[in-house]
Amino acid sequence: MGRTLANKVWDAHVVRSAQGEPDLLYIDLHLLHEVTSPQAFDGLRQAGRGVRRPDLSLATEDHNVPTADIDKPIADPVSRAQVDTLRANCAQFGVPIYSLGSVDQGVIHVIGPQLGLVQPGMTVVCGDSHTSTHGAFGALAFGIGTSEVEHVLATQTLPLRPFRTMAVNIDGRLPEGVSAKDLILAVIAEIGTGGGQGFVLEFRGDAVRGLSMESRMTLCNMSIEAGARAGMIEPDEVTFDYVAGRPHAPKGADWDHAVRAWRALASDDDAEYDAEVSIDAESLTPFVTWGTNPGQAAPLSGEVPDPRSYADPVERLAAERAQDYMGLTPGTPLREVPIDVVFLGSCTNGRIEDLRAAAAVLRGRRLATGVRMLVVPGSVRVKRAAESEGLDEIFRVAGAEWREAGCSMCLGMNPDKLEPGQRSASTSNRNFEGRQGPGGRTHLVSPQVAAASAVRGYLSAPTDLD
Amino acid sequence: MEKFERHTGVAAPLRASNVDTDQICPAEFLKRITRTGYHDALFFQWRQQEDFVLNHEAFSQASVLVAGPDFGTGSSREHAVWALRDYGFRAVISSRFADIFRGNAGKAGLLTAQVDHGVVERLWALLEAEPGAEVTVDLHRMRVVAKGVDEPFYLDDYVRWRLLEGLDDVAVTLRHSDTIAAFEDRRPAFLPRTG
């Protein structure tokens, strides 16, 4: 029987396999940040252990860092202590780190691919659920907890049961104005926030092959929001072109060896998946969330649903609670939901393509009165690229704030937060209660919808302007 | 890790699905660099509401949580498990757990007992009719037991063994250091290094 992409990457990394025990899987790249690592380094110290492969580990500061005044010390003493702790741990254990002020600093899931460190067929982990992003390269990449971070630091392996595989077939072409973000929100609405549990989602089909690497990363990034361990996409010419020439990409004869190996990763024609779903790309329109989990979403052209329309009592109760928290009434057209704050950024939509898409909508336009918009590039290099293209000027002229790189308002660990009751259109990945600040209300949207909503002051698509 | 064999305690009914780790332990509390002391973080926002289940006197000493499906979704933060443990919980019963949360729980001595949702409904009914009622989770027999309830639960065999033995994962793996080194010798030369 043929094997899937995920099976092939898994099999190539099994260090040890024994009856009744999980496989011991080798990890090619371990990404670290300040929030989920301090207790892991402490554990090493307490046990008198070292980091087995600092040369396969990379750290950066992203979750806590301010996105303004970064030349000054971090104002919040608790955040500053956590960042200082990461720096000290990396120094003690010899782990490379890109700190605030470095041109390679940024959101961990943006800088890994940008440096060429993420390549097809690799295993990649990080103490962060959005590690699934890197599956866009045909890597098996997944989030882990702090105990597992410690385990990887000490052994460069993880004991794991094989994941099941789900083919997500997306045929046809995405219509104009419909992005990878709309696509993944539609996928999550289709399979549910728990539908992917235990699975690696392999995104397949014409619509996926037609996506850029940035869009593929958006798609894989939110696989976790469907409950999946990981998302993956077969590497192809688009992948190889993206990796080629980056600082850590293979060079010379190594490049040729690598590409030959990468081409062999594609799922076999007779590979069998444990589950399969199909989505018709042609029928998709801009998608937004109305509730407090990413599965509570609907086409922007629709309405806030009536909880009584759910047959399942658990879902009905969840919808009632969500609408109560969100301050929404069933039947309200989503285009009539007013917005206070727009956040453009995050590991989901903080790449150059995302900033270009939003800037194209904002060019020559102004933010609606009373709307605040934060533009937070995913990395320092994304910021510089945008500035060289003049995107920063478009955002500033429109009335948006052009800020420094970091996770920022995606999770509100730094000063960028919603006030209680404020409502955001956000290109991030989670609309959980209080995620962007206690009492804040989040609608997840694409960069295009974020920009159009900033101009109209209500959830909007670019086609709603003028 | 503390061993887990059998636990009996007051159970609290949490009638909610998709209880994400941002609710269990909000981001503000993730700035700490310790592994303990998160009892104040647990359900911080929900505890501000008077009618939240853990604010009821009958459930103030609860050590078993009975929750709706998809418990622990979202962020990979192990802090969510630490907060539950520090508050006093030894076990969570639900029909579905998010994968990363389930993994984290198994490493930090919190039992995730997976049962059919019908069992959750029966436990909810019992705990609401008789607040303060106790529930037993027996890891040897793999059963959830309460008044009128005696049902099997699911837990991965290997995780069960580690919980019963209270084993440190890293020590187990380090026994295979030579096998890891041999694997490293076989890795393709083109793979990247960070430094």
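Annotations for the structure displayed:
- When the inverse distances between all different Cα atoms of the stretch A:125-256 are averaged and flipped, the Kirkwood radius reads 15.6 angstrom.
- When B:Tyr38, A:Tyr273 are compared by accessible surface with a 1.4 Å probe, the order from highest to lowest is A:Tyr273, B:Tyr38.
- Working from label points 7 Å from Cα in the Cα-to-Cβ sense, the B:Gln48 to A:Ala68 distance is 2.3 nm.
- Remark on the stretch A:1-103: hydrodynamic radius 16.2 angstrom, per the Kirkwood mean of 1/r across alpha carbon pairs.
- Charge context of B:Ile33, other residues only, Cβ under 11 angstrom, K/R +1, D/E -1: 0
- Based on alpha carbons, the Rg and Dmax found for the stretch B:7-125 are 13.0, 40 Å.
- Cα-Cα P(r), the stretch B:70-195, percent of pairs per 10 Å interval: 11, 33, 29, 15, 8, 4, 0
- Shape of the stretch A:360-461, Cα gyration tensor, a/c cut at 1.5: oblate
- Seen from A:Asp11, the other residues with C-beta closer than 10 Å to its C-beta sum to a net charge of +1, counting Lys and Arg as +1 and Asp and Glu as -1.
- The largest accessible area among A:Arg308, B:Arg96 belongs to the first residue in A:Arg308, B:Arg96, and the rest follow in falling order (1.4 Å probe, all chains).
- Annotation for A:Glu336 and B:Ala125: the two label points, set 7 Å from Cα along the Cα-Cβ direction, are 4.1 nm apart.
- Average beta-carbon neighbours from other chains, 10 Å sphere, peptide B:28-38: 6
- Within the full protein context, the accessible area of A:Trp255 is estimated at about 50 Å² for a probe radius of 1.4 Å.
- Computed packing ranks the peptides A:376-382, A:113-119 as A:376-382, A:113-119, most packed first, by mean other Cβ atoms within 10 Å.
- Three-way shape call for the stretch A:45-126 based on the alpha-carbon gyration tensor, with the a/c threshold at 1.5: oblate
- Geometric descriptor of the stretch A:131-205, per residue, is 117 Å³ (volume of the convex hull of the Cα atoms).
- Counting Cβ atoms of other protein chains within 10 Å of each residue's Cβ and taking the mean over peptide B:154-160 gives 2.
- Only protein heavy atoms count here; under a 1.4 Å probe, A:Arg52 has an accessible surface of about 70 Å².
- The share of alpha-carbon pairs in the stretch B:80-150 lying farther apart than 19 Å comes to 37%.
- Cα centroid of the stretch A:406-466 to Cα centroid of the stretch A:94-124, whole Å: 26 Å
- Per-residue ellipticity at 222 nm computed for chain B from its helices equals -8500 deg cm²/dmol, with DSSP H segments shorter than 4 residues left out and the rest contributing -39,500 (n - 2.57).
- √(5λ) per eigenvalue of the Cα gyration tensor, the stretch A:248-362, largest first, Å: 40, 23, 13
- Each 5 Å bin from zero holds the following percent of Cα-Cα pairs in the stretch B:110-149: 6, 23, 32, 25, 13, 2.
- Rel. contact order, % - alpha carbon contacts under 8 angstrom, at least six apart, chain A: 17 percent
- 0 to 90° range, to nearest 10: angle between helix B:117-129 axis and chain B longest Cα axis: 40 degrees
- Of the peptides A:204-212, A:28-36, the ranking by mean beta-carbon count within 10 Å, highest at the top, reads A:28-36, A:204-212.
- Taking the stretch A:346-466 and dividing mean pair separation by its residue count, relative contact order in percent (alpha carbons under 8 Å, at least six apart): 28 percent
- Annotation: the antiparallel percentage among DSSP beta bridges lying fully within chain B is about 50.
- As a length-normalised measure over Cα pairs under 8 Å and 6 or more apart, the relative contact order of the stretch A:60-187 settles at 15 percent.
- Computed accessible area, B:Leu174, all protein chains, 1.4 angstrom probe, square angstrom: 60 Å²
- Three principal axis lengths of the stretch B:42-90 [C-alpha, angstrom, descending]: 31, 20, 19
- Maximal additional length on extending the A:Ala264-A:Ala18 stretch stands at 85.9 nm, based on 0.36 nm per residue less the C-alpha distance.
- Our Cα-only numbers for the stretch A:31-185 put the radius of gyration and Dmax at 17.4, 57 Å.
- Rg and Dmax, both from the Cα atoms of the stretch A:297-441 and both in Å, are 16.6, 53.
- In whole angstrom, the stretch B:122-169 maps to an equivalent ellipsoid with semi-axes of 27, 11, 8, each derived as √(5λ) from the alpha carbon gyration tensor and ordered largest first.
- Quotient of C-alpha Rg and 2.2 N^0.38 Å, computed over the stretch A:320-393: 1.38
- Dipole magnitude (debye, nearest 20) for the stretch B:1-79, charges at Cβ of Lys, Arg, Asp, Glu: 260 debye
- Förster radius 25 Å - calculated FRET efficiency between B:Asp156 and A:Val277 (Cβ-Cβ, nearest 0.05): 0.45
- Counts of other chain beta carbons within 10 angstrom of each beta carbon in peptide B:180-189 average 5.
- Dipole orientation for chain B: of the candidates B:Gly166, B:Trp82, B:His176, B:His176 has the Cα lying most toward the positive pole (charges on Cβ; Lys, Arg +1; Asp, Glu -1).
- Three-way shape call for the stretch A:191-328 based on the alpha-carbon gyration tensor, with the a/c threshold at 1.5: prolate
- Accessible heavy-atom area order of B:Phe44, B:Phe4, highest first, probe of 1.4 Å: B:Phe44, B:Phe4
- Whole-number D in µm²/s for chain A (Stokes-Einstein; Kirkwood sum over Cα pairs; 10 °C, 1.306 mPa s): 71 µm²/s
- DSSP bridge orientation in the stretch A:326-466 - percent antiparallel, rounded to nearest 5: 5 percent
The values are calculated or read from the model by the stated rules, or taken from the named source; none is laboratory data. Everything quoted here is computed from the prediction, not taken from an experiment. Neighbour counts run over all protein chains shown; Cβ positions are idealised from the backbone, glycine included. Side chains included, ligands, DNA and RNA excluded: accessible areas come from the protein's heavy atoms. Shrake-Rupley method; radii C 1.70, N 1.55, O 1.52, S 1.80 Å.
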